[in-house]
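The values are calculated or read from the model by the stated rules, or taken from the named source; none is laboratory data. Small disclaimer: the values here were computed from a predicted structure and weren't measured. Cβ placement follows ideal geometry from the backbone for every residue including glycine, while neighbour counts extend to all protein chains displayed. Accessible surface areas use protein heavy atoms only, side chains included; no ligands, DNA or RNA. Shrake-Rupley method; radii C 1.70, N 1.55, O 1.52, S 1.80 Å.
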Amino acid sequence: MRVDGRRSTYPEDNPLVPFSSTSRHFRNVAAPILFEIVDNDQRSWAIPYVGDEIFFTRELRLRDYFNIKAYHDYTPKTTAVNLNPLRAIAPTLVNLSRLELSLKMPLDQALFKALLSNSCIESLRFKPVRLDGPLLEDIVRDLPLSRISILSMIVEQDRPRDIVSTEEKNNVRAILKYLSASLTTLEMSGNIVEFPTLAEIQWPQLTHLRMTDRISDGNVIPLSIVVANMPLLRCVSYDFIASLEFQQGPIFGGGCETSPSVFSKIEYLSISNVQPRDRLVDELPASLKTLRVLALRYPFRFYEFSQREHHPYTPLNAREVHRWLTAATSLGDLVELALTTKDAPSPALIAQIASACPRLSTLELEQASFEDIDASLQSQYKLV
């Protein structure tokens with residue numbers, strides 16, 4: 001259900017009967033279905049046009065902006081949306097279990113507090129996320145967050161340039177600190193959280209961790225150390241895209257000798273742009289059922305090739321494929337394998353995989369987007 005504050009100036013142009021004018025029996029039957037998901041449709045939220053039906057809502061999707069595209073204007077203008085009317089009713093939506101916020105403006109702390117004062121929320125998603133501004137810790141500390149088991153914070157590809165990164169990371173740290181006890185699923189962009197933050201927090205219920213977008217510009221520590229305080233963790237996705245950020249150390253492998261217990265129980269592992277020097281291939285947990293070794297990057301953009309990437313786009317060459325398949329021979333429970341290779345898959349490769357992984361039920365092979373990672377900007381352009 002998309003909620004739109006506009007009304008026709010001429011009622012005769014709209015033959016539909018207002019929902020509030022239908023019979024009570026029809027409203028009681030239809031409202032839980034029609035208003036299960038409510039989206040403010042990138043326009044001003046207008047409470048008078050919503051009515052009591054919003055109290056049936058289970059999923060609320062809110063944007064604090066909408067884009068205006070003018071003719072011959074290739075850069076959309078962003079206009080703020082006033083969501084303040086929701087402050088009064090948000091805590092009283094007794095059926096609300098899923099909340100999704102799309103934020104491009106500085107966070108309205110009063111609205112944030114009102115929305116998260118609803119103790120029924122089980123899933124909280126920010127897409128895109130923007131959390132700079134005054135520190136949120138004092139607000140988050142007093143909110144009823146114990147039912148939230150799913151948290152997602154995903155940035156947009158082209159973020160506003162006025163975001164204060166240090167403020168945002170402090171607020172993200174505060175949110176994670178007070179949600180960690182109940183979370184079972186965490187999905188985050190690496191841009192907004194540092195690896196030591198994840199490593200130092202206790203995550204007693206977390207079973208799924210997915211990191212995406214760019215690698216944090218803070219200290220880089222091995223995966224096994226990051227997940228050491230996640231005793232129930234079974235699924236890990238480190239799906240970082242190639243980027244220009246400086247990589248200080250190994251992202252995936254290393255550290256298993258100091259914190260082996262949690263990592264040894266991982267059943268699903270997805271990683272991207274593994275560098276040849278990374279030791280993870282020699283440290284794969286024997287419990288793995290799914291292994292995905294990918295190469296991910298943003299869609300082609302000129303400026304990304306203006307200098308060599310520090311976390312480069314890295315599909316597997318033939319030697320590296322052989323190394324990973326040799327390691328996979330010790331994974332007796334492996335049933336799903338995905339590889340991004342520099343060369344096109346061949347019959348010989350298929351035969352090698354069949355020999356190394358006899359129990360596979362799912363196989364995904366993808367050839368890299370660009371063959372020559374060190375090619376000039378001109379040669380990359382010709383490939384598009």
Next item on the list: Please identify the pairs in which a residue from region 187-209 that is β-branched (Val, Ile, Thr) has its Cβ atom under 8 Å from the Cβ atom of a residue that is open to solvent by 60 Å² or more (accessible area, probe 1.4 Å), counting only partners at least 6 apart or on another chain.
Entry: Val193/Arg173; Thr197/Arg173; Ile201/Lys177; Thr207/Leu232; Thr207/Arg234
Notebook entry, point to check: Of the residues in region 143-170, how many are under 16 Å from Glu187 (Cα atoms) and open to solvent by less than 40 Å² (accessible area, probe 1.4 Å)?
Noted result: 8
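Hey, among Asp138, Asp108, which residue is acidic (Asp, Glu), over 19 Å from the mean Cα position of the chain (by Cα), at pLDDT 80 or above and within 26 Å of Ala181 (Cβ to Cβ)?
Values: Asp108 fails: within 26 Å of Ala181 (Cβ to Cβ).
Exactly one of Asp138, Asp108 is acidic (Asp, Glu), over 19 Å from the mean Cα position of the chain (by Cα), at pLDDT 80 or above and within 26 Å of Ala181 (Cβ to Cβ), namely Asp138.
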Next item on the list: Those residues that are open to solvent by 10 Å² or more (accessible area, probe 1.4 Å) and more than 15 Å from Ile251 (Cβ to Cβ), I need them from region 181-196; list them, please.
Entry: Ala181, Ser182, Thr184, Thr185, Glu187
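Residues checked against (1) open to solvent by less than 50 Å² (accessible area, probe 1.4 Å); (2) of a type in the set (Val, Ile, Thr); (3) outside any helix (DSSP H, G or I); (4) more than 24 Å from Ser165 (Cα to Cα):
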residue: Ala90; (1), (2), (3), (4): yes, no, no, yes
residue: Val94; (1), (2), (3), (4): no, yes, yes, yes
residue: Leu101; (1), (2), (3), (4): yes, no, yes, no
residue: Pro106; (1), (2), (3), (4): no, no, yes, no
residue: Lys113; (1), (2), (3), (4): no, no, no, no
residue: Ile121; (1), (2), (3), (4): yes, yes, yes, yes
residue: Leu124; (1), (2), (3), (4): yes, no, yes, no
residue: Val129; (1), (2), (3), (4): yes, yes, yes, no
Check: Among (1) modelled with pLDDT of 75 or more; (2) open to solvent by 70 Å² or more (accessible area, probe 1.4 Å); (3) of a type in the set (Lys, Arg), where does Arg6 come up short?
Finding: (1)
Checklist line | Val140 closer than 14 Å to Val172 by Cα, surrounded by 18 or more Cβ atoms within 10 Å (Cβ to Cβ) and in contact with a helix residue (DSSP H, G or I) (Cβ under 6 Å, 6 or more places away or on another chain) | finding: yes
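Within region 292-302, can one find any residue that is among the basic types (Lys, Arg), over 22 Å from the mean Cα position of the chain (by Cα) and either at pLDDT 90 or above or not in a loop (DSSP other than H, G, I, E, B) (or both)?
Pass one, region 292-302, residues among the basic types (Lys, Arg): 292, 297, 301.
Imposing the further condition that a residue be over 22 Å from the mean Cα position of the chain (by Cα) reduces the set to none.
No, there is no match, as no residue in region 292-302 is among the basic types (Lys, Arg), over 22 Å from the mean Cα position of the chain (by Cα) and either at pLDDT 90 or above or not in a loop (DSSP other than H, G, I, E, B) (or both).
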Item checked: From the options Arg173, Arg161, Arg147, residue that is in contact with a helix residue (DSSP H, G or I) (Cβ under 6 Å, 6 or more places away or on another chain) and charged (D, E, K, R) -> Arg173
Notebook entry, point to check: Is it true that Glu137 is in contact (Cβ under 8 Å) with a residue 12 or more places away in the chain and in contact with a Lys or Arg (Cβ under 8 Å, 6 or more places away or on another chain)?
Noted result: yes
Item checked: Where Pro358 falls short, out of the listed (1) under 23 Å from Ile241 (Cβ atoms); (2) modelled with pLDDT of 90 or more; (3) exposed (fewer than 13 other Cβ atoms within 10 Å of the Cβ) -> (1)
